[in-house]
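Report on one structure; see the data block that follows.
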Amino acid sequence: MSRKAVFPLPPNRTIGIVGGGQLGRMTALAAARLGYRCHILTPEPESPAGQVAAAVTLGAYEDPTALAEFAAAVDVVTFEFENVSAAGLDLLAALKPVRPAPAVLRTSQDRIAEKSFLNGAGVPTAPWRAVESRAGLDRAAAAVGLPGVLKTTRLGYDGKGQRLIACAGELDEAFADLAPKPLVLEGFVDFACEISVIAARGEDGKAVAFDVVENRHRHHILDLTLAPAPIAEETEAKARAIALRVAEALDLVGLIAVEMFVTREGKVLVNELAPRPHNSGHWTIDACPASQFELFVRAVAGLKLPPATRHSDAVMKNLVGPAEMALWPEILAAPGLIPHLYGKEEARPGRKMGHVTRLFPLGGLPGPFGIAAALGPLAERAAGLEEAVEAPDRLAHAI
Ligand code: AMP
């Protein structure tokens with residue numbers, strides 16, 4: 001079999017990507033620059049990734065025929081989407097090298113497996129307990145304390161499948177809302193800010209990490225990323241070390257986003273892992289010599305990783321739903337805004353349609369008012385910034 005001989009993948013070989021979304025699209029664009037073809041597996045006829053890829057297999061992620069046809073057409077398989085069934089993963093892994101390894105995906109697909117792995121690797125998280133029944137929720141609440149956040153263990157994203165529980169009176173309703181799915185209760189973290197680090201690790205075990213960024217959400221959807229995060233140097237060092245430790249402990253070959261909370265006491269707690277490119281790394285396309293997508297492709301293809309340095313500071317603002325898409329003509333006309341659209345036909349509320357990046361000289365990321373001004377037509381849509389302007393203790397973190 002060609003299984004061992006394939007790496008480093010020579011130019012013109014084919015990377016198979018499971019998932020047809022914008023992460024696959026931007027990965028395919030980066031892969032094309034390195035001379036690779038991408039082949040997408042997606043059930044969607046008009047997918048963002050399919051539009052820019054060399055080939056597409058249209059099929060369900062659980063369909064053995066589609067999976068086998070897809071695997072036969074590619075040299076290596078990767079994912080831009082994590083919710084592939086275990087059986088699907090095993091089928092792919094039996095046919096072609098899969099990077100990251102299926103075990104990494106299994107860990108990140110399930111919040112309990114993920115938190116157990118993290119704590120086992122000495123990485124701190126919010127306190128948590130698995131919840132198997134209504135009585136189990138009472139025990140979990142007693143153990144982690146309230147307020148807490150009850151989450152489904154699988155298939156949650158952008159705040160879906162989770163309920164904030166402020167007091168014991170809300171336990172019944174939250175449980176009724178999310179059960180019978182497997183659940184986990186986490187202690188509520190009164191965070192000063194949310195940050196993330198994207199790390200890549202090659203087949204030689206060498207890992208690199210981009211600078212720590214701050215993420216501001218609106219309605220649970222990422223709104224703004226500030227690169228670098230305006231946090232203390234010590235916090236930045238802790239976050240970076242955690243991301244590299246996670247990549248190492250997973251024996252990752254690929255890319256991983258580690259989402260973290262910074263508590264008001266300066267502790268860094270991991271919230272979630274995503275072993276693929278991440279929305280909070282889109283700024284790297286414009287602000288780094290090699291973006292998260294290039295590092296991802298290089299790791300999957302078995303190439304050496306360049307340093308994850310940035311040449312500019314940056315702010316990334318997502319374009320979500322019809323209200324922000326309506327500003328597209330103004331965005332195109334605004335000096336300094338770098339536009340990215342994902343090729344989605346319909347701008348439904350809450351749907352990520354694209355993003356813009358604004359660059360600043362290295363070390364020149366302005367404060368909230370400066371950022372808002374630099375976003376031009378999007379200034380008033382940057383809800384994360386209004387929050388920052390109103391919350392003096394968040395600003396205390398600014399250097
Ligand atoms: P998740 O789906 O776990 O990424 O959560 C989505 C968002 O909900 C996070 O980015 C936080 O803003 C918030 N959140 C999730 N878990 C907690 C927690 N334990 N404490 C406080 N906020 C949380």
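Any read-out appearing in this document is the output of simple, stated calculations on the displayed coordinates, not a laboratory observation. Quantities reported herein were computed from a predicted structural model and do not represent experimental measurements. Note: ideal-geometry Cβ built from the backbone for every residue, glycine included; neighbour counts use all protein chains shown.
Structural remarks
- All lysines inside 22 Å of Lys267 as judged from Cα atoms, apart from same-chain residues fewer than 8 positions distant: Lys115, Lys238
- Residues Cys38, Cys167, Cys288, sorted so that the one with the fewest Cβ neighbours within 10 Å comes first: Cys167, Cys288, Cys38
- Relative intensity of region 127-187 on a log10 scale, I(q)/I(0) at q = 0.20, 0.23 Å⁻¹, equals -0.61, -0.83, per a Debye sum over C-alpha point scatterers of equal strength in the absence of solvent.
- For region 42-88, the set of GluC sites (Glu not before Pro) satisfying both a DSSP loop assignment and a count of at most 13 other C-beta atoms within 10 Å is given as Glu46, Glu62.
- Entry for the chain at q = 0.08, 0.12 Å⁻¹: log10 I(q)/I(0) = -0.42, -0.98, Debye formula applied to identical alpha-carbon scatterers, no solvent contribution.
- Residues in region 186-195 carry Karplus couplings, in order, of 10, x, 6, 9, 7, 7, 7, 7, 10, 10 Hz; the curve used is 6.51 cos²θ - 1.76 cosθ + 1.60 with θ = phi - 60°, and Gly or Pro positions show x.
- Partners for Lys96 among lysines (Cα-Cα distance below 20 Å; same-chain residues under 8 apart left out): Lys4
- Candidate aspartates and glutamates for bridging to Lys304, where Cα separation is under 17 Å - those fewer than 8 sequence places away on the same chain excluded: Glu203, Asp204, Glu248, Asp251, Glu294
- Fewest-first sequence of Val253, Val84 by Cβ atoms within 10 Å of each Cβ: Val84, Val253
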